[in-house]
Each structure stands twice: as structure tokens, then as C-alpha cells.
Amino acid sequence: MNVRTEQTIAVSVLFFCTVLVVLPVVIILGIIVAKGVSAMSFEFLFEMPRNGMTAGGIFPAILGTLYLVLGAVLFAVPLGVLSAIYLVEYSRESRISRLIKLAIVNLAGVPSVVYGLFGLGVFVVFLGFGASILSGSLTLGIMILPVIITASREALESVPRSFRVVSFSLGASKWQTIRHSVLPHAIPGILTGTILGLGRAAGETAPILFTVAAFYLPTLPQSLFDQTMALPYHLYVISTQVPGITESVRFGTAMVLLMLVLFLNLAAIILRYRFRKRKRW
């Protein structure tokens, strides 16, 4: 078998694997859009629910999902980036530091229901926050924290060591070097972790089921200590426990959730692209 034949076979196998992955996703998205587009209307998107969620819209669920995702990101990103900076720039290589890094990686694979139970025990009961936006946001933030720490670590480690050496040779301190020479070039990688965290936080049901979500609230939350509706839990309930909900409403809710996640990810991707253009290497 000559080199050209091997290359053709390899390209064909790669193309087949790509189609095998992409095609089911396209089919699922097509089904959701085809069955959910008929539910799209101003009333469905921007009005309050009525009659036990059998009429009206899903605006509180959309707004509640935004509150929870943004709260989780505001909690997890600063904490995750600072933790990654310490692990990469300040901690010495030792058995304890390797154990901490391994634990962070393993935490990324913990089932979301475990985080939900943790949030219930710590934030809802022990700290007395109750079922609230604050409890839900903190629980989601802890859930996405390992992903953000891992992505931030890899982004910081990818910055060339020469950047640090030159900064030190010019008399900069350790923190000045991190702030001005390392962190700006690591932001695209940090935003990649944030994008992954956004997608997971917006789509999880178990953590918010224990800490914040309510099925039917015809009013908007007034503070961080109020419950709120959320699209993942709302979609679960109307699909499994509420009779009489039309198929178009169920698929329309799923379509709105997908559009919301896509919008948040797109905003983060645009921001990452703008920072990536500033790279000098």
C-alpha cells in the first residue's frame, strides 16, 4: 500500500467519524427546531405564566436561568483564575500540590446530583440561605469551578517562560509580571474554560432542583434570596409530570434553552477572539 492510498483511507475514516458525530447533533437540533418553532411568539417569550403553567409564557424561567448562570460565573471565574494563578505561579511542585491538581481534575467528573446535594446541605440548610437564587448560583459556581481552574491552569502554563524572564530582568515583581505579562496572554484560554462552564451551568437540572428551582412562579424574583423558575427544571417538569402540555410548548422551551446557551457562548467566543488577536506569538 503506497502513501497516497494510506492518506486517502485515513482522510475517509476521519470524515466518516466526523459525520458520525455531527449528524446526530444536526438531526436532534432539526427536530427541536421543527417541532418548537410554532410555539415561538411574543407571549411565549415575554409574558408571565398563567393557569398553573398551561397558559402564558416562560419569561420568568428565561430570566431565572440568566440570573443563575451569571451568578455562577461571577462566583467561579475570579475564584478559579486566582486558584490557577497560585497553582501555576506560586505553589512549589510537591506531593500535596500534585494531589490537589489531581483532585481538581477528578471533581470535574463528579455527577451534578452530588453538587446539588452539597448545595442543599451547605447553602440551603447550614448557611440558611434557603431555596434561593444565591444558593443555586453558588452551587452551580462550585460545579463549574474545576473546569475553569483546569482551563486557566493550562492557559497560564502555555504562556512562554521567556515572558516572565524578560519581565523579571526589567525589575518587575512577581505579581506585576503575572498581571501585565502573563495574565493578558492567558485570557483566551481562560475564556475557553468559561464557555464550557457556561454551557454546563445553563443546562443542569439536578443542582437547581435541590437549591432554587420552582415550577410555577407567576412573579419575578425580587432579591437573591427568592426562588426562581429555570428553563432546565421547567422543561423537565412539563415533559414528565404535567398533563395537557402540547408538544410544541415542550420543544419550544427546549429551543429557547438552546438559543440562550448559544447566545451566552457566542458572546464569550467573540470576547475570546478579540483577546486572541492581541497575542504576539
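Numbers below:
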| quantity | calculated |
| --- | --- |
| Signed unit charges on C-beta, dipole axis of the chain, positive-most listed residue G30, S248, L196 | L196 |
| Angle in degrees between helix 231-240 and the longest Cα principal axis of the chain, rounded to the nearest 10 | 40 degrees |
| Percentage of interatomic Cα-Cα distances in the chain larger than 37 Å | 28 percent |
| Amide H contacts under 5 Å for G56, placed H, 5+ residues apart | R50 |
| Coarse-grained scattering of segment 123-208 at q = 0.13 Å⁻¹, given as base-10 log I(q)/I(0) from a Debye sum over alpha-carbon atoms | -0.57 |
| Dmax and Rg, reported as Rg then Dmax, of segment 65-221 (C-alpha, Å) | 17.9, 62 |
| Cα-centred dipole magnitude for segment 40-120, charges only on beta-carbon of K, R (+1) and D, E (-1), debye, nearest 20 | 420 debye |
| Cα-centre dipole for the chain with unit charges at Cβ (Lys and Arg positive, Asp and Glu negative), debye to 20 | 1300 debye |
| Positive-pole candidate from V182, L140, V261, dipole of segment 135-275, charges at beta carbon | V182 |
| Sparsely packed GluC sites (Glu not before Pro) within segment 33-118, loop by DSSP, other Cβ within 10 Å at most 13 | E93 |
| Cα convex hull of segment 201-281 - mean projected area over all directions, nm² | 7.8 nm² |
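Quick note: the coordinates plus some simple rules give every number you see, no bench work behind them. Here the structure is a predicted model, which means the values were calculated and not measured. Cβ atoms come from the backbone with ideal geometry, glycine included; neighbour counts cover every protein chain shown.
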